[in-house]
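The block underneath contains the structure these notes are about, expressed in structure tokens.
The values are calculated or read from the model by the stated rules, or taken from the named source; none is laboratory data. Nothing here was measured: the structure is a model prediction, and the numbers come from that model. All Cβ positions, glycine included, derive from the backbone under ideal geometry; neighbour counts span all protein chains shown.
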Amino acid sequence: MRIDILTLFPAMCEAVLSESILKRARGAGLIDVFCRDIRPYTLDKHHRVDDSPYGGGYGLVMQAQPVCDCFEALCAELGTRPHLVYMSPAGQTLTQQKARELASLPHLALLCGHYEGMDERVIEEIVDEEVSIGDYVLTGGELPALVLTDCIARMQPGVLAADEAFEMESHYASLLEYPQYTKPPVWRGRAVPEILLTGHHENVRAWQRRQMLERTLLRRPDLLETAELSAADVLYLYTFPQSDALPFLFERLTDCVEQYVRTQKKVSPTSLQRKLKTDYALAVRLLDALEKRGVVSAYEKGRPRDVLLHPEQGET
Ligand code: ADE
């Protein structure tokens, strides 16, 4: 993949691109990143690339001519037109999903604004989409372009170790990271969780998964709405009272329980409570929801032994 950053400050971008993993990825040819200076494209004899805004107001606005000429020169050199993203706080917010989408393109160009903004006609004329890195305003688009480049670079095959990349995409999608520890085992009286020292790989993975679920629930519950969750994951989340505030999670749990109930001839609040290792009230709520869906019928609340039936099986 190739990324061209169009900027008034190529040295600022090069400084970041020439360190650490980005440097190595570029050196190994895993990703091509080039910085193109917009200023040489100006036709102004004083090399100006900005001017005061029509209608008044403070600050300066980048002019259309040098920006469009710069992009068009790039297109002419490449013999193709890359997808052009303008880094702007008014754009769509960058997410892992958005980055993945952009990373699937063979060729991307990132346009960095500066001063008080960009002549709107640039956006109308050549920009394909605008991307923001968050709800705050920076002095220019260079840092946002570098954030996006970094995010895309680590998705390229070979940039991260193969297993790391795999885990990121499947197991780890949409959840916050579990806590990490390294030597020594005890530091300032704080011990590393014992499970991590056992060497029992399966138990360690299960612990890490539970940590991710718990952290995401407590810190960023909104992420759970799009996370890939197994039935065991959802049940674990329901061991925390915070889950009760998330209607979408109850829907997921109901989906899981529906699948289970459809494999059973009979089910009661008590049997479900035992199966899920949960409380009676939750089992009743779930069965109420399944009754609404038409999955079970005929039971009286508060009588745990009353049997619930599939509609198609009728009363027994
Ligand atoms: N330029 C200035 N602030 C920005 C932001 N938050 N995201 C993208 N580009 C920007």
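Tabulated values for the structure
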item	result
Residue in the stretch 200-209 that is part of a loop (DSSP other than H, G, I, E, B), more than 27 Å from Gln273 (Cα to Cα) and more than 22 Å from the chain's Cα centre (by Cα) present	yes
Residue check, Asp4 closer than 19 Å to His107 by Cα, without any contact (Cβ under 8 Å) to a residue 40 or more places away in the chain and in contact with a strand residue (DSSP E or B) (Cβ under 9 Å, 6 or more places away or on another chain)	no
Residue under evaluation Arg36, criteria (1) surrounded by 13 or more Cβ atoms within 10 Å (Cβ to Cβ); (2) of a type in the set (Lys, Arg); (3) outside any strand (DSSP E or B), criterion not met	(3)
Any hit, the stretch 93-101, residues being modelled with pLDDT of 95 or more and near the ligand (Cβ under 10 Å from one of its atoms)	yes
Residues within the stretch 262-287 that are in contact (Cβ under 8 Å) with a residue 40 or more places away in the chain and in a helix (DSSP H, G or I), tallied	2
Among (1) more than 10 Å from the ligand (Cβ to nearest atom); (2) at pLDDT below 95; (3) not polar (S, T, N, Q), the one test that Glu124 misses	(2)
Failed item in (1) farther than 20 Å from Ile133 by Cα; (2) crowded, with 16+ Cβ neighbours inside 10 Å, with Ser52 passing the rest	(2)
